[in-house]
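The values are calculated or read from the model by the stated rules, or taken from the named source; none is laboratory data. From a predicted model like this one, the values you see are computed outputs, not experimental measurements. Every residue, glycine among them, receives a Cβ derived from its backbone with ideal geometry; neighbour counts consider all protein chains shown. Accessible surface is based on the protein model in full, side chains and every heavy atom, while ligands, DNA and RNA are left aside. Shrake-Rupley method; radii C 1.70, N 1.55, O 1.52, S 1.80 Å.
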Amino acid sequence: MEKKDLRYYAKVHSVESFGTVDGPGIRFVIFMQGCHLKCKYCHNRDTWDINGGTYKSLDVILDKIMNYKNYICPNGGVTVTGGDPLLQAKFIYELFKKLKEENIHTCIDTSGMFPLTDDIKKVLSVTDLVLLDIKHIDDKKCKELVGKSNKFELEFAKYLSDNDIAIWIRQVLVPGITDDETDLLKLKDFISSLKTVKKVELLPYHNMGKYKWEKLGLKYELENIRTATSDDVEKAKKILGIT
Ligand code: SF4
């Protein structure tokens, strides 16, 4: 098979033309295929395998986005999520560069659990907003929850702050796993050390993605964890000092 130039082709899981939760305004959302984490609560389990999804060309994606330009501009924009879009950083850079030429707002949803390579820094140079999923502020618990240390993501957050890139911090609130008061206070301290945080969001854990694990014949490890209630969220918000 012909080898693809990964600047102009990417493995895409799916797209959504009118997203309203992944960044400001109405957004064209691209779900990229491939993830290097193993979050136990993942509700997009079918995006993990980079060999899945289908190759889409930059031109095809751009054409699709342009069809919606009147809806997503000026208050919305384009969000890339996944999976983790930074596994395909070369493509995201080319895409965002073109979008910036069209004055379209660019947003990336990532764990930030990557070393800051030149490719990733290039992506960030054309990114208006990062939705940064801080998986767990406690390193040991982070490894247990997603299979990797939080070292890179905390460095990533600092890089965003130092380079004046807007951040929305996100964390999935999982009862008994990410809602410990000491951890939330530690998270609060970390967030207050960053200069460019515009918003902090707690995403209540739910198990609606469980069926995807089962469909793939995989064991869903959070079987015995209850979903987070609005009371859990309010309690955690109070600790974090957010509204
Ligand atoms: S980073 Fe996102 S896509 Fe990847 S395993 Fe975690 S929740 Fe799933």
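The figures follow:
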| read-out | value |
| --- | --- |
| Single condition Leu87 does not satisfy, out of (1) without any contact (Cβ under 8 Å) to a residue 24 or more places away in the chain; (2) assigned to a helix (DSSP H, G or I) | (1) |
| Members of the stretch 99-111 found to be within 17 Å of Thr81 (Cα to Cα) and either within 16 Å of the ligand (Cβ to nearest atom) or assigned to a helix (DSSP H, G or I) (or both), listed by number | Leu99, Cys107, Ile108, Asp109, Thr110, Ser111 |
| Any hit, the stretch 53-75, residues being closer than 30 Å to Glu144 by Cβ, in contact with a helix residue (DSSP H, G or I) (Cβ under 7 Å, 6 or more places away or on another chain) and surrounded by 14 or more Cβ atoms within 10 Å (Cβ to Cβ) | no |
| Residue selected from the stretch 15-60 under the condition more than 14 Å from the ligand (Cβ to nearest atom) and of a type in the set (Phe, Trp, Tyr), by the criterion farthest from Leu202 (Cα to Cα) | Tyr55 |
| Restricting the stretch 121-153 to residues that are buried (at least 20 other Cβ atoms within 10 Å of the Cβ) and free of Cβ contacts under 8 Å to residues at least 40 places away in the same chain, the residue that is nearest to the ligand (Cβ to nearest atom) | Asp133 |
| Within the stretch 168-186, tally of residues that are in contact with an Asp or Glu (Cβ under 9 Å, 6 or more places away or on another chain) and hydrophobic (A, V, I, L, M, F, W, C) | 5 |
| Hits in the stretch 194-243 (condition: without any contact (Cβ under 8 Å) to a residue 24 or more places away in the chain, in a loop (DSSP other than H, G, I, E, B) and within 26 Å of Leu129 (Cα to Cα)) | Thr243 |
| From the options Phe96, Phe114, residue that is closer than 19 Å to Leu6 by Cα, aromatic (Phe, Trp, Tyr) and not in a helix (DSSP H, G or I) | Phe114 |
| Residues of the stretch 105-120 classified as touching a helix residue (DSSP H, G or I) at 6+ places or on another chain (Cβ under 9 Å), open to solvent by 40 Å² or more (accessible area, probe 1.4 Å) and not hydroxyl-bearing (Ser, Thr, Tyr), total | 4 |
| Qualifying residue in the stretch 127-141 (condition: in a loop (DSSP other than H, G, I, E, B), hydrophobic (A, V, I, L, M, F, W, C) and out of contact with any strand residue (DSSP E or B) (no Cβ under 6 Å at 6 or more places or on another chain)) | yes |
